[in-house]
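Following: one structure in structure tokens, then a few remarks.
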There are 2 protein chains.
Amino acid sequence: MSNGRTGRRKGNPDTRAQILDAARDAFAEVGFDRATIREIARRADVDPALVHHYFGSKDKLLLATIDAPFDPGKVLPGIIGPGLDGVGERLVRAFVGVWDGPAGARGSVLLRSALSHPLMLRLLREFLISRILRVAVRELGVEIDHAPFRGSLVASQLLGLALTRYILKVEPMVDAPPEAVVAMVGPTIQRYIEGPLPDSAP
Amino acid sequence: MSNGRTGRRKGNPDTRAQILDAARDAFAEVGFDRATIREIARRADVDPALVHHYFGSKDKLLLATIDAPFDPGKVLPGIIGPGLDGVGERLVRAFVGVWDGPAGARGSVLLRSALSHPLMLRLLREFLISRILRVAVRELGVEIDHAPFRGSLVASQLLGLALTRYILKVEPMVDAPPEAVVAMVGPTIQRYIEGPLPDSAP
């Protein structure tokens with residue numbers, strides 16, 4: 001099967017694509033937590049070391065399967081590290097900053113494709129839960145009651161913001177100055193994170 | 001062209017479909033306001049009276065083009081009529097009630113298809129603006145400053161709620177009791193409608 005090119009093993013796009021396909025199937029079928037590098041390698045019919053070689057870690061493999069526009073694991077510590085105070089405004093400012101920037105176009109492609117392809121939808125959900133909500137809770141470092149419900153409320157407002165500002169392009173949300181969006185949506189996020197909950201909260 | 005069936009003129013599915021196609025094109029190209037029944041009839045190559053016959057009004061024609069799960073024009077007065085007080089909670093309760101019910105499946109289809117088809121996207125935006133935001137502002141009957149910005153903030157939270165609860169199905173938002181969602185999201189909507197705005201608000 002050798003075609004005489006050099007560096008074939010290291011850079012073969014087929015192997016990389018094979019691993020990505022296998023990872024998408026595994027993440028979608030059994031979820032991010034239960035999918036193992038070993039199992040993904042088995043499905044792709046490659047050595048597990050090759051998976052590490054191409055992608056480094058399972059986290060990064062998940063980012064690659066959805067062609068994530070940025071790694072929230074890198075952005076979240078700066079937002080959450082300073083503590084609960086003002087976290088809502090910092091989160092919205094960072095969110096709008098990323099989407100207003102060059103990564104925004106890929107974010108739109110990702111969100112759209114998730115909504116029309118069930119496989120991408122499951123991958124985006126895994127990404128939201130394991131790379132955003134869970135990292136956020138961990139970085140916060142304080143005990144948050146009902147963290148999953150609070151996290152899903154935060155996700156609802158941020159995804160809706162992306163939808164109206166970048167995809168549906170509802171006027172005047174599209175051209176609203178970032179600080180106007182931060183001033184209005186920041187307190188919402190803050191309340192979802194630390195505000196009182198009703199007894200019926202899951 | 002007669003095929004001998006009776007009632008052909010009244011119930012011809014081709015004519016209805018032709019009008020719907022023409023209306024989709026017209027709404028998407030020039031917007032709901034500037035599209036006229038006369039122009040839609042011209043594009044469909046039928047008499048304007050037939051458009052009225054099949055659809056009754058331009059409002060109803062827009063609902064038909066997107067196969068809207070319900071007519072917000074009918075639901076909004078009950079939510080908004082009682083006035084500003086508690087309007088946020090009433091809006092979220094009604095929204096969750098509709099999506100939790102049998103109309104929810106069609107709502108999901110609509111939202112998904114809008115996100116993968118540019119034509120449906122433009123139609124959904126026209127629907128949001130002309131049938132929801134504008135009707136809401138009119139029903140409220142009081143002067144609201146920066147109503148379009150406030151409306152787009154409300155839309156962002158409600159669309160995001162639909163996305164997380166019904167499409168992405170983020171746990172535990174999916175199974176949260178409606179009243180828990182109302183208690184958390186209602187005050188957000190209320191603040192977007194009547195809360196203070198920053199100077200930078202568009």
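The values are calculated or read from the model by the stated rules, or taken from the named source; none is laboratory data. Because the structure is predicted, anything quoted here is derived from the model rather than measured. Here the Cβ positions follow ideal geometry from the backbone for every residue, glycine too, while neighbour counts run over all protein chains shown. Ligands, DNA and RNA are excluded from the accessible area calculation, which covers all protein heavy atoms including side chains. Shrake-Rupley method; radii C 1.70, N 1.55, O 1.52, S 1.80 Å.
Please get the size of the charge dipole for segment B:72-194, origin at its Cα centre, with Cβ charges of +1 on Lys and Arg and -1 on Asp and Glu, quoted in debye to the nearest 20.
In debye, rounded to 20, segment B:72-194 gives about 520.
Sorted from shortest, what are the nm distances separating the label point of residue A:105 from equivalent points in the other copies, each placed 7 Å from Cα along Cα to C-beta?
3.9
Per DSSP H run of at least 4 residues, take -39500 (n - 2.57); add these up for chain B, divide by its residues and hand me the 222 nm value, nearest 500 deg cm²/dmol.
Here the helix-only value at 222 nm equals -21000 deg cm²/dmol.
Take the Cα of residue A:144, step 7 Å along the line toward its Cβ, and report every residue of segment A:150-187 whose backbone nitrogen sits under 15 Å from that point.
A:150-159, A:186-187
For chains A and B related by rotation, which residue of A has the Cβ nearest the axis, and what is the rounded distance in Å?
Residue with the nearest Cβ, plus whole-Å distance, for chain A: A:160, 1.
Shielding by partners for B:146-158, please: the mean number of other protein chain Cβ atoms within 10 Å of each residue's Cβ.
What the average comes to for B:146-158 is 6.
Measure of size requested: the Rg and Dmax of segment B:8-65, with Cα atoms as the atom set and Å as the unit; please supply both.
When restricted to Cα atoms, segment B:8-65 yields Rg and Dmax of 10.1, 32 Å.
Assume the label is 7 Å from Cα along Cα to beta carbon: what separations in nm does residue B:74 have to the matching positions in the other copies?
5.2
I'd like the per residue volume of the convex hull spanned by the Cα atoms of the protein assembly as shown, given in cubic angstrom.
Hull volume normalised by residue count: 197 Å³.
Ignoring ligands, DNA and RNA, how much accessible area is buried between chains B and A, both sides summed, with a 1.4 Å probe, to the nearest 100 Å²?
By this definition, chains B and A bury close to 3900 Å².
Pick from B:38, B:122, B:165: which is most flexible by mean-square fluctuation in a GNM of chain B where alpha carbon atoms under 10 Å apart are linked?
B:38
Taking N as the number of residues in segment A:8-140, what is its Cα Rg relative to 2.2 N^0.38 Å?
Rg over 2.2 N^0.38 Å, computed on Cα atoms: 1.13.
Roughly speaking, what is the centre-to-centre gap between segment A:43-98 and segment B:145-178 when only Cα atoms are used, to the nearest Å?
24
Can you tell me the 0 to 90 degree angle between the C-alpha axis of helix B:118-127 and the longest principal axis of chain B, rounded to 10?
The answer is roughly 70 degrees.
Shielding of A:163-175 by partners, i.e. mean partner chain Cβ atoms within 10 Å per residue?
Mean shielding count: 6.
Along the Cα→Cβ direction, 7 angstrom out, place labels at residue B:38 and residue B:171. What is the inter-label distance in nm?
Calculated label separation equals 5.9 nm.
When ligands, DNA and RNA are left out and all protein chains stay put, how many square angstrom of accessible area per residue does chain A have with a 1.4 Å probe?
47
Which distances, in nm and shortest first, link the residue A:59 label point to the same label point in every other copy, taking 7 Å along Cα→Cβ?
Inter-copy label distances (nm, one decimal, shortest first): 5.3.
Counting pairs on different chains as well as pairs 8 or more places apart, how many Lys pairs in chain B have Cα atoms under 26 Å apart?
4
Give me a single rounded figure for A:177-184: the average over its residues of other chain Cβ atoms within 10 Å of their Cβ.
Partner-chain Cβ atoms within 10 Å, mean over residues of A:177-184: 6.
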